[in-house]
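Participant: Before I ask anything, here is the structure I am working with.
The values are calculated or read from the model by the stated rules, or taken from the named source; none is laboratory data. All values derive from a computational prediction rather than experimental measurement. Cβ atoms come from the backbone with ideal geometry, glycine included; neighbour counts cover every protein chain shown. These accessible areas exclude ligands, DNA and RNA; they are computed on the full protein's heavy atoms, side chains included. Shrake-Rupley method; radii C 1.70, N 1.55, O 1.52, S 1.80 Å.
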Amino acid sequence: FPIEKCESTDDGNVIVYGKATDGSVDSDEQIVDPDFSSKAIQEWLNTGANVRVQHNPSLYPAGVGIEVDHGGTGETWVKSLIVEPTAKTLVRNKALRAYSVGISRPKIVSDASARGG
């Protein structure tokens, strides 16, 4: 999902805001279950909310999640503070322009409405 809002803070960091998931079929032709994602994303926020570039644990963290908003229609929106210098440049120049959930060892279930499960 695209980053909806990007703004600079007074100290030069970047705050980004956008939808993390909504239960629709994604670019991997999968559906992230809204019941699962709302709990998992809240747990992510409560346990450090590490934001990564391209899900890569070998890179420095890009920043940290600072707020989660669960919409009434299965949507989950995330606000993050981006502090890593390269990540800030990539966000400001729209090279990084979307949120993506990263699920460790996902349980993939066959689903006729989503080819990827």
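Participant: When only Cα pairs under 8 Å and 6 or more residues apart are kept, what is the percent relative contact order across the chain? Walk me through the numbers before you get to the answer.
Facilitator: Details: 200 pairs, mean separation 36.1, N = 117.
Relative contact order here is 31 percent.
Participant: Please compute the per residue accessible area over the chain with all protein chains in place, 1.4 Å probe, rounded to a whole number of Å². Spell out each step's value before the answer.
Facilitator: Values: 7630 Å² over 117 residues.
So the chain comes to 65 Å² accessible per residue, rounded to a whole number.
Participant: Okay, moving on. Quick one: pull the percent of accessible area on the chain belonging to carbon and sulfur, 1.4 Å probe, ligands and nucleic acids left out. It would help to have the intermediate numbers written out before the result.
Facilitator: Details: 3800 of 7630 Å².
The value for the chain is 50 percent carbon and sulfur by accessible area.
Participant: Here's a follow-up. Calculated FRET efficiency, Gln42 and Ser8, Cβ-Cβ r, R0 22 Å, to nearest 0.05?
Facilitator: Numbers: r = 27 Å, r/R0 = 1.24.
Efficiency, from the Cβ-Cβ distance: 0.20.
Participant: Taking R0 as 35 Å, what's the FRET efficiency between Ser110 and Thr86 from their Cβ-Cβ distance, rounded to 0.05?
Facilitator: On the way: r = 39 Å, r/R0 = 1.12.
Efficiency at R0 = 35 Å is approximately 0.35.
Participant: What dipole magnitude, in Debye to the nearest 20, does segment 1-80 give about its Cα centre under +1 on Lys/Arg Cβ and -1 on Asp/Glu Cβ?
Facilitator: On the way: 5 positive and 14 negative charges, 44 e Å.
So the dipole magnitude of segment 1-80 works out to roughly 220 debye.
Participant: Given the options Ile31, Ala20, Pro57, identify the residue whose Cα lies farthest towards the positive end of the charge dipole of segment 1-64 (+1 on Cβ of Lys, Arg; -1 on Cβ of Asp, Glu).
Facilitator: The listed residue farthest towards the positive side: Pro57.
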